[in-house]
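Here is the structure we will look at, set down as structure tokens.
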Amino acid sequence: MVRTADLVILPYQSILLKSARESLGLNLKNSIVIIDEAHNLADSLTSMHNSKITSSQLKSILSNLEAYLNRFQSVLGAGNRRYIQTLTVLTRSFLQVLTSNQDGACTMTSMTINQFLFSLDIDNINIVKLCQYVKESNIIHKVKYFLHHMAFQSCIIFSHTFLVQVTNDAHAVILAGGTLQPIEETRLRLFPSLSPTDIKFFTCNHIVPPESILPIAVTRGPSGMAFDFSYSSRSSLTMIEELGRFLCNVVTIVPEGVVMFFASYEYERCVYDAWVASGMISKISKKKHVFREPKNSVDVEMILNKYKEAIQSCSKCSRDTGITGALLLAVVGGKISEGINFSDGMGRCVVMVGLPYPSPSDVELTETIKHIEHISNSVLVGAGNSSNSRYDVECKLQPGFDILRKCNKGGREYYENLCMKAVNQSIGRAIRHVNDYAAMLLVDSRYAHTSLNRSSSCPTDKLPQWIKSRLTCAQNYGDVHRLLHQFFKLNKQLR
């Protein structure tokens, strides 16, 4: 069927994995490959080739391997027996790493494959041949419960290695998505070997007219306090109270639904608890029903239904109760920020609190930043002269902030892009069709900062063009109030 079809629609895994393409009989020669939602591509490629192994899984593997070897030792050939014994040795070595720190606190470690093998004194094992044996002998199907646990791959495999196989075969590869910008970081992660001139970038205006969106960089609250939601300042009680006063004013102007995004579940809980204690939630509840995104994804649909029902019911009886809609407190990177559409009354206003930078202490993120920095340095000075001497080569993990400080541009740029892609993904939830309209409030004084040097950039430079072209920087809360009032009055008249 695949050989005779003009159009084939497949999930990422089926087209990006060579083994999957071969099993489907899919030949990309002279084909045009279109990858939708391409802002997820690099992370999907990485997760497709990641393996996470726990000590309990390894203990189960070791137990099953030893039981299998004891049961069939007399009938196994010398080669098979040797390979299975090697597997048990390797499994014990993995267990040694995970159980060596059981007395103390859990430690995070980053190392290369060779460093890992030498540290356990198993560098004499040929991992490539062992993996080949596992694949060809079908041993994982012969050992009970072995199928779901056997995986010998590196923890982080960078995505461009596998995409090259697709680009080499296909006539053209088209990446489509609403949040692909900044495009340079996408190029470095997916096509580092291609020059910028080999990649054509096309962008167009949004389908909605300019008067249907109102993006504002909100720098100050109602009392004149500058908004600063950097990690060192965001937990300040005065900052949280100022945010609460700002929201109390916003909900009196904005009709129907308001979605407010926080950087993490922990910070959302911190703010909510402070607002409950100060009585701010009670004030907000006089204008909007308040809902919170649950951590458990199973409960998300239930909360969303209640949020939608509250908005619909308020549109019918707001004159009687004074309540004009609902407020949803959500989290960047959660289910609501990435997979839910807030069209029409579900999202008349999206509020982004601060700049949601990911935690640099995450080991996988740190290694990716180092990798991106290395690639960008290679591009700048030539692949033959690139150096990675800025980073430790020992089996130690440097603190994430130390890595960022050592980056010239590529790694830091990637870190900033992760933040702004999350912002773009979240605020884009509100505009879903040609007749939709919404306000987008970026609450932090850093959104108004201009780039002072080439090593850093202004966050709003990384907004999609259709938002950036309409962005207004409000110098005080009075400007925000006036713009919101005019915007919703105008759009009410137009509809």
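There is no residue in the range 274-293 that is outside any helix (DSSP H, G or I), within 24 Å of Gly428 (Cα to Cα), in contact (Cβ under 8 Å) with a residue 40 or more places away in the chain and of a type in the set (A, V, I, L, M, F, W, C).
Would you be able to tell me the number of residues in the range 87-97 that are surrounded by fewer than 18 Cβ atoms within 10 Å (Cβ to Cβ) and of a type in the set (Ser, Thr, Tyr)?
So the answer is 2.
Here Val259 fulfils each of the conditions (1) over 21 Å from Ser223 (Cβ atoms); (2) part of a helix (DSSP H, G or I); (3) touching a Lys or Arg at 6+ places or on another chain (Cβ under 8 Å) apart from (2). If you go through the range 203-233 and keep only what is in a loop (DSSP other than H, G, I, E, B) and hydrophobic (A, V, I, L, M, F, W, C), you end up with Cys204, Ile207, Val208, Met225, Phe227, Phe229.
Does Ile253 meet the test of being in contact (Cβ under 8 Å) with a residue 60 or more places away in the chain and under 23 Å from Ala326 (Cβ atoms)?
Working: in contact (Cβ under 8 Å) with a residue 60 or more places away in the chain: yes; under 23 Å from Ala326 (Cβ atoms): yes.
Against the criterion (in contact (Cβ under 8 Å) with a residue 60 or more places away in the chain and under 23 Å from Ala326 (Cβ atoms)), Ile253 qualifies.
Has the range 385-394 got at least one residue that is crowded, with 21+ Cβ neighbours inside 10 Å and modelled with pLDDT under 80? Checked against the condition, which is being crowded, with 21+ Cβ neighbours inside 10 Å and modelled with pLDDT under 80, the range 385-394 yields no hits at all.
Is it the case that some residue within the range 231-252 is on the phi < 0 side of the Ramachandran plot, among the aromatic types (Phe, Trp, Tyr) and surrounded by fewer than 20 Cβ atoms within 10 Å (Cβ to Cβ)? Scanning the range 231-252, I find at least one residue that is on the phi < 0 side of the Ramachandran plot, among the aromatic types (Phe, Trp, Tyr) and surrounded by fewer than 20 Cβ atoms within 10 Å (Cβ to Cβ), so the answer is yes.
Cβ-Cβ distances below 6 Å connect the following pairs, each with a first residue in the range 123-135 that is in the same structural domain as Gln85 (by TED's automatic domain parsing), a second residue that is among the aromatic types (Phe, Trp, Tyr) and in a helix (DSSP H, G or I), and a separation of six or more residues or different chains: Tyr133/Tyr83.
Looking only at the range 60-71, which residues are within 15 Å of Thr99 (Cα to Cα) and at pLDDT 85 or above? Within the range 60-71, Leu62 is the sole residue that qualifies. If only residues of the range 335-354 that are closer than 21 Å to Ala439 by Cα and within 14 Å of the chain's Cα centre (by Cα) are counted, the one that is surrounded by the fewest Cβ atoms within 10 Å (Cβ to Cβ) is Gly339.
The values are calculated or read from the model by the stated rules, or taken from the named source; none is laboratory data. Not measured: the values here are computed from a predicted model. Positions of Cβ are backbone-derived with ideal geometry, glycine not excepted, and every protein chain shown enters the neighbour counts.
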